[in-house]
Amino acid sequence: MAYKVFSNGSVLNASDLNDYLMNQSVMVFTNSSARSSAITSPTEGMMSYLQDTNRFQFYNGTAWQDLSDEATGWSDKSANYAIVASDLGTTIRSTGSAITITIDNVLTQQGDRIDFIQAGSGQITFAAGSGVTLSSADGKLKTAKQFAGASVVFGGSGVYYLIGNLGA
């Protein structure tokens, strides 16, 4: 894909707009559904910003992918919870008694990860949602004790790996 440098005051004709500018801009959408409706045939390298998740994404030629999968913050949970796609790259912290986190098949890229911290006295129990295989060392599916950390990593095709400070 060729690129063109535009200067202030440049006159843009239709071919410049279609050939260059559309592929050199960051398009802002309320959510991924709005983006999919507006861009039916994305091209590799396109960039977008999703307002509902506050994330920049680029099209890698096959799928939209986050620019960064670094942690973007955390959320506190004091009741049972099922992960959602917007939890990607965040830390979920349990703050009270024991809770169950259901791992639903919502992540899309191999290596996608969500971190967990047991800040409260109750253990976090991890459960596989529908269509999910949840694998961990020795089959352990609970945090070990207060202040233990764990992560869920997407392996592809509904397979998730639970790693970290796990116990019975």
The correct count of residues that are under 21 Å from GLY89 (Cβ atoms), surrounded by 13 or more Cβ atoms within 10 Å (Cβ to Cβ) and either in the same structural domain as LEU88 (by TED's automatic domain parsing) or over 14 Å from the mean Cα position of the chain (by Cα) (or both) in region 31-45 is 1
Of all residues in region 146-168 being assigned to a loop (DSSP other than H, G, I, E, B) and not aliphatic (A, V, I, L, M), the one that is surrounded by the most Cβ atoms within 10 Å (Cβ to Cβ) | GLY158
Which residues, taken from region 106-125, are closer than 16 Å to ALA85 by Cβ and either touching a Lys or Arg at 6+ places or on another chain (Cβ under 7 Å) or in a loop (DSSP other than H, G, I, E, B) (or both)?
-> VAL106, LEU107, THR108, GLN109, GLN110, GLY111, ASP112
Of the residues in region 32-41, those that are closer than 15 Å to THR108 by Cβ and in contact with a strand residue (DSSP E or B) (Cβ under 8 Å, 6 or more places away or on another chain) come to SER32, ARG35
Look at GLY131 and say whether it is part of a loop (DSSP other than H, G, I, E, B), modelled with pLDDT of 95 or more and in contact with a Gly (Cβ under 6 Å, 6 or more places away or on another chain).
-> yes
Would you point out the residue of region 70-97, among those that are part of a loop (DSSP other than H, G, I, E, B), without any contact (Cβ under 8 Å) to a residue 40 or more places away in the chain and touching a Leu at 6+ places or on another chain (Cβ under 9 Å), that is surrounded by the most Cβ atoms within 10 Å (Cβ to Cβ)?
-> LEU88
With (1) charged (D, E, K, R); (2) in contact with a strand residue (DSSP E or B) (Cβ under 8 Å, 6 or more places away or on another chain); (3) farther than 30 Å from LYS145 by Cβ as the list, and LYS77 as the residue in question, which single condition is left unmet?
-> (3)
Restricting region 1-17 to residues that are in a helix (DSSP H, G or I) and aliphatic (A, V, I, L, M), the residue that is modelled with the lowest pLDDT | LEU17
Answer yes or no as to whether THR100 is of a type in the set (S, T, N, Q) and part of a loop (DSSP other than H, G, I, E, B).
-> no
Where ALA127 falls short, out of the listed (1) under 23 Å from SER32 (Cα atoms); (2) surrounded by fewer than 17 Cβ atoms within 10 Å (Cβ to Cβ); (3) aliphatic (A, V, I, L, M) | (1)
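The values are calculated or read from the model by the stated rules, or taken from the named source; none is laboratory data. For clarity, every value in this text was computed on a predicted model and none was experimentally measured. Backbone-built Cβ (ideal geometry, glycine too); neighbour counts: all protein chains shown.
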